[in-house]
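Data block below; observations after.
The values are calculated or read from the model by the stated rules, or taken from the named source; none is laboratory data. Source: prediction; values computed, not measured. So basically every Cβ, Gly included, is an ideal-geometry build from the backbone, and we count neighbours across all protein chains shown. Side chains are part of the model used for accessible areas, which takes the heavy atoms of the whole protein and leaves out ligands, DNA and RNA. Shrake-Rupley method; radii C 1.70, N 1.55, O 1.52, S 1.80 Å.
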Amino acid sequence: MDSISEVADPTPGDIEHEGSPKHSKENNAPSRKDDQPGEQSSANGETSSNKAPDEEDEANLQEKLQTLKGDRIGDTMYSERFVLSTVLKLSKQDNRLLEEDEEFEHDLCNLWDMTIEPDVVRFLLEQDVIELFLALASKSEDYRLIEILFGIIGNMCCVEGMHDLFYRQSNLLVALCDFLSITDAPVLVQLMRTLTTLFDRSDDERYHWFGVMKKVDNLTEKLALILATSTNRALLEHTAETVNAMINRFTEAEVDYAQLNEFYRLFAKTCLLEGLFEAFKQLYPLPARDAGSDGFDEETLTLKDIKTMRRFLEIHEHFIVNANELYEAYVSEVDQCIHRVLVSFVNESILFPVSKNHVCIFVSISNIYSGIMYHFRAESFVYMVKIYDQLAEALRNPPPAEEGPSNGTEDGNTAMDEEGEDTADDGGEFDVETACAEVREAIFFLVGPIDEQIIRTAIHMGQLKESTFEQMCRELRETMDGEPLLYQTCAKLMSAAKPNREEIDVPMTNPVAD
């Protein structure tokens, strides 16, 4: 089981049957003393005899409800006895493997499922289970057991009490991060889920995690090694999520901005860049038509894929904005990532319906191109113009509104499992106008320093229409008024788009402007 979404979803009755002692029938049965011979009868005669059984039944019912409620955790229907008995058995696990006790493994999976309930999480925290879990994991060679324990911890991080615990007892979080060195993919997936949830859901003013995370030995190198060497798709996706969550947390949410430079000294390393590039190529090789029959088919991209592409580009965007010098030797690699995304998005079925993830990707591309100058790939330019053309056409002729949800779920609700995590911030259909504006800006920053002849050759290669650039430049003049190079860049684009120009034979990839 690689994720919590694969754990069975037990009903409270199932859990009680599996692990919780049941009350005996004798204890739950109503008292029969009024039926015994010789018992004193009511002085109210027939009227009283009619009321007594009803009152007695009500009293017994209330007693039964109180008995049942006494074994419930908070407002849930889950049993305290089941949780306590499972934790107690866990503490006595020693070196036994879970595969030798399927019933206990099932109980642990039930406990994993139960931790989506905040009341259950708070009850577990009262039992000090995190110390127990980490102690067991540190001496265990049973990766299945460690996976379940980390899955439970990951769910528990949805509750602020866990954040408070990890912050007050930072040694627990450091000990958890020590497991980044292991090689078991399912365990690492749950560990990444835990870290991502912790950083994404923390209160900005209460918790300053950088002071804790810089205590972790070789944190950047460990993350880089996972990205560079793993072939497990889920692990690469979750590791990208974790790196992105850390960067967002430490560069945007931290109130102590004096730590920003220290963070980039710790995190902005070439080994992490190389790991990110390798992981991206592993997840998204060039499409089949460009790389042969073994290539990745962009038509199979899912919402999760688009979100993962977004995470990779957002990481590069942060580094280029804040540690630009790191990319001096890696400009072509980051450009290759952008190119791979554009190859997919030029496909109408991938571009529409436009989502929050699409828009964020275009924002990142625009910021990356504004930070990396004098680098031009003709194919990427052509794809961006075609994407702009499709978005502009959608603005002129909006498609009919689709019935039902557009977030990839059947009923429009996001689940608490991994699939829900992947679509929860997707946002459904987003404003196409915003996406169109971001693509325009990306094109503007890309062509700004590039020679007109190079742009003209790319336009001819892509058979792009002059009318497209007329509309684009008209909109740029409206939305980017005040930009120093606005009119110069628009004039260059319009001149390059004019038909019947002499064709210039120049390289089509990575030419540098004079």
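For a test of the definition: using alpha carbon positions, the gyration tensor, and the 1.5 limit on a/c, classify region 106-148 as rounded, prolate or oblate. Note, shape of region 106-148 comes out oblate. Here the gap between Lys92 and Thr76, fully extended at 0.36 nm per residue and compared with their Cα-Cα distance, gives a gain of 3.0 nm.
Shown are Phe445, Phe199, whose ranking by accessible area with a 1.4 Å probe and every protein chain present, most to least, is Phe445, Phe199. Of the heavy-atom accessible surface of region 71-158 (probe 1.4 angstrom), what whole percent is carbon and sulfur? Summing carbon and sulfur atoms, their accessible area is 45 percent of the total for region 71-158. In region 142-200, inverting the average of 1/r over every pair of distinct C-alpha atoms gives 11.4 Å as the Kirkwood radius.
On a per residue basis, region 71-158 carries 43 Å² of accessible surface, using protein heavy atoms and a 1.4 Å probe.
Can you give the FRET efficiency to the nearest 0.05 for Glu466 and Asp204, using r as the Cβ-Cβ distance and R₀ = 56 Å? With a Förster radius of 56 Å, E is 0.70. Computed from phi, the 3J(HN,Hα) profile of region 224-240 under the Karplus parametrisation 6.51, -1.76, 1.60 (θ = phi - 60°) reads 4, 5, 4, 5, 7, 10, 6, 10, 7, 4, 4, 5, 5, 4, 5, 5, 4 Hz, with x in place of Gly and Pro. Once you reduce region 446-465 and region 216-281 to the center of their Cα atoms, the two points are 35 Å from each other. Extension gain, Glu126 to Ile182: 0.36 nm times the residue separation minus the Cα-Cα distance gives 17.2 nm. Cross-link pairs exceeding 23 Å between alpha carbons, from the set Lys215/Lys281; Lys281/Lys307; Lys356/Lys386; Lys356/Lys498; Lys386/Lys498; Lys92/Lys222: Lys215/Lys281; Lys356/Lys498; Lys92/Lys222. Database remark: amide H of Arg72 closer than 5 angstrom to the amide H of Glu80 (H placed geometrically; neighbours at sequence offset of 5 or more, or on other chains; Pro and chain starts carry no H). Just report the Cα centroid separation between region 336-351 and region 141-202, whole Å. With region 336-351 and region 141-202 each reduced to a Cα centre, they are spaced 34 Å. Positive-end ranking of Leu145, Leu125, Tyr78 along the dipole of region 71-158, with charges on Cβ about the Cα centre, is headed by Leu125. Measuring nothing but protein heavy atoms, the accessible surface of region 164-243 at 1.4 Å probe radius is 45 percent carbon and sulfur.
Beyond 23 Å, the tail of the calculated P(r) for region 84-191 holds 21 percent of the Cα pairs.
In sequence order, region 367-382 has phi-based couplings of 5, 5, 5, 6, x, 10, 9, 6, 9, 9, 10, 4, 5, 5, 4, 4 Hz under the Karplus curve 6.51 cos²θ - 1.76 cosθ + 1.60, θ = phi - 60°, and Gly or Pro positions carry x.
Take the Cα of Glu262, step 7 Å toward its Cβ, do the same at Asn60, and the gap between the two points is 6.8 nm. Listed values for region 92-104 are Karplus-derived 3J(HN,Hα) couplings in whole Hz (6.51 cos²θ - 1.76 cosθ + 1.60, θ = phi - 60°), namely 9, 5, 6, 9, 6, 8, 4, 5, 8, 9, 5, 5, 5, and x replaces Gly and Pro.
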